[in-house]
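Presented below is the structure to which this report refers.
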Amino acid sequence: MNAAAALLTERLVGLTPRIALVLGSGLGRLADEVEQTVRIPYADLPGFPGSGVSGHAGELVAGLLCGRPVAMLSGRAHYYEHGDAAAMRPALEALAGIGIERLILTNAAGSLRADMPPGSVMLIEDHINFSGSNPLFGEPPDRRFVGLTEAYDARMRAALEAAAAAAEVALHKGVYMWFSGPSFETPAEIRMARILGADAVGMSTVPEVILARFLGLRVAACSVITNLAAGMTGVELSHAETRDMAPLGGARLAAVLRQAFEDGLSDG
């Protein structure tokens, strides 16, 4: 057990979550709904990353969501902050070390589809790694060859679809393409992404999916749509737009996650 996992085990006495969430932009308030809360700043957890992005708190929150044990990473490190695709590896290793089996990732993303406007929520069915990087660079031979044919767990996706229907939230489905950032994509890159089969683009999540599968975790992921991608509106993109629009889709995704927990997603 690594040092962070040992500290978490000590601090989370009597709490044994088997599911964890990574909260992207717009979902930070979900952490405030956790009861019997234990909050631990990333700075107190060995190896955990700092986050230099507004809207990312940088703390682990554990407790009960809808009466069920959960651990939440409120904030993440991004590849574009440090040039390290494996920046979230210590955090995910610590989660695996305390018995986490399932991981739900969330992010803010740009839509490539006119029928999926800002404020929408998209369930990620698959991804395209267009960054040119991978968090498993340098991993010893044999261990590094991780299969991603079923990167996004079918049972977890079905549970989230059922929860969205019960919560009366429209849940789009599609393919997420990871660009390295931090600059936004060009209109030409968006046209290329559409040709390659992407439905949304963003600057996170894919490294965490790869790491989670490497660690044996089952994974699901959702995007909160904050903007239409470059060239679709004639307006320049900005992080302010992402920050301002994320709470709208974040509230819808939070409703889906609450329903999923009430339905027992965290139980298996």
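The values are calculated or read from the model by the stated rules, or taken from the named source; none is laboratory data. Bear in mind that the values here come from a model prediction, so they are computed numbers and not experimental data. Note that each Cβ is placed from the backbone with ideal geometry, even for glycine, and that neighbours are counted across all protein chains shown. These accessible areas exclude ligands, DNA and RNA; they are computed on the full protein's heavy atoms, side chains included. Shrake-Rupley method; radii C 1.70, N 1.55, O 1.52, S 1.80 Å.
Summary of computed values
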{"quantity": "Percent accessible area from carbon and sulfur atoms, the chain, protein chains only, probe 1.4 Å", "calculated": "50 percent"}
{"quantity": "Heavy atoms of R243: accessible area, 1.4 Å probe, square angstrom to 10", "calculated": "110 Å²"}
{"quantity": "The range 123-170: GluC sites (Glu not before Pro) in DSSP coil with no more than 15 other Cβ atoms inside 10 Å", "calculated": "E150, E168"}
{"quantity": "Residue-averaged 222 nm ellipticity for the chain, from DSSP H runs of 4+ at -39500 (n - 2.57), nearest 500", "calculated": "-9000 deg cm²/dmol"}
{"quantity": "The chain, relative contact order [Cα under 8 Å, separation at least 6], %", "calculated": "27 percent"}
{"quantity": "Most mobile of S74, S120, S183 in a GNM of the chain (Cα contacts under 10 Å)", "calculated": "S183"}
{"quantity": "Within the chain, longest stretch free of exposed chymotrypsin sites (Phe, Trp or Tyr not before Pro) [DSSP loop, at most 15 other beta carbons within 10 Å]", "calculated": "1-136"}
{"quantity": "Accessible area (Å², 1.4 Å probe, nearest 10) - D267", "calculated": "110 Å²"}
{"quantity": "Accessible surface ranking that places the most exposed of V256, V175 first, with a 1.4 angstrom probe", "calculated": "V175, V256"}
{"quantity": "Taking the C-alpha atoms of the range 135-268, convex hull volume expressed per residue in Å³", "calculated": "130 Å³"}
{"quantity": "Helix axis angle, 187-196 relative to the chain longest principal axis, alpha carbon, degrees", "calculated": "70 degrees"}
{"quantity": "Relative contact order (%) - criterion: Cα under 8 Å, at least six apart; region: the range 124-268", "calculated": "33 percent"}
{"quantity": "Karplus 3J(HN,Hα) series, Hz, for the range 84-97 with 6.51 cos²θ - 1.76 cosθ + 1.60 (x for Gly, Pro)", "calculated": "10, 5, 9, 4, 8, 4, x, 5, 6, 5, 5, 4, 4, x"}
{"quantity": "Within the chain: Cβ-based charge dipole about Cα centre, in debye rounded to nearest 20 (Lys, Arg +1; Asp, Glu -1)", "calculated": "200 debye"}
{"quantity": "Part-to-part distance (alpha-carbon centres) for the range 85-130 and the range 143-222, which is given in Å", "calculated": "6 Å"}
{"quantity": "More than 36 angstrom apart: percent of Cα pairs within the chain", "calculated": "8 percent"}
{"quantity": "Given charges at beta-carbon only (K, R positive; D, E negative), |dipole| of the range 102-246 in Debye", "calculated": "320 debye"}
{"quantity": "Förster-model FRET efficiency, 25 Å R0, Q36 and R258, C-beta, rounded to 0.05", "calculated": "0.90"}
{"quantity": "S120 long-range amide H proximity, modeled H, under 5 Å", "calculated": "I225"}
